[in-house]
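Each remark here refers to the structure printed beneath this line.
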Amino acid sequence: MEPNGQRLRQDQQQHEDASLNESSTTEVNMYHSVDDLMRKDAEQNPPPKSLTQRVSASAASEAAQAPKPWWRKLMGE
């Protein structure tokens, strides 16, 4: 029975060695900030055109509805 147990250990060792080799070829990227990570992700996965249009329209309507700051009212702008 010992040869079967020894064979099992050899198979496990080979499997561990193979998984280490696979993980060592994985590219690792380091980012200095979350913003860098988000920029890289946006480059690789651009948002759909429909979403871009909806966000642009929403931002424009929000800017138009925003009240003037108190200092602009005071200066008459």
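Using 0.36 nm per residue and subtracting the Cα-Cα separation, the extra length available between residue 59 and residue 9 on full extension is 11.8 nm.
Which FRET efficiency value, to the nearest 0.05, do you get for residue 72 and residue 30 by plugging their Cβ-Cβ distance into 1/(1 + (r/R0)^6) with R0 = 30 Å?
After rounding to 0.05, the efficiency reads 0.10.
Only the coordinates and a few stated rules stand behind these numbers; no lab work does. Note that this is a predicted model, so its numbers are computed, not measured. FYI the Cβ positions are ideal-geometry reconstructions off the backbone, even for glycines, and counts take in every protein chain you see.
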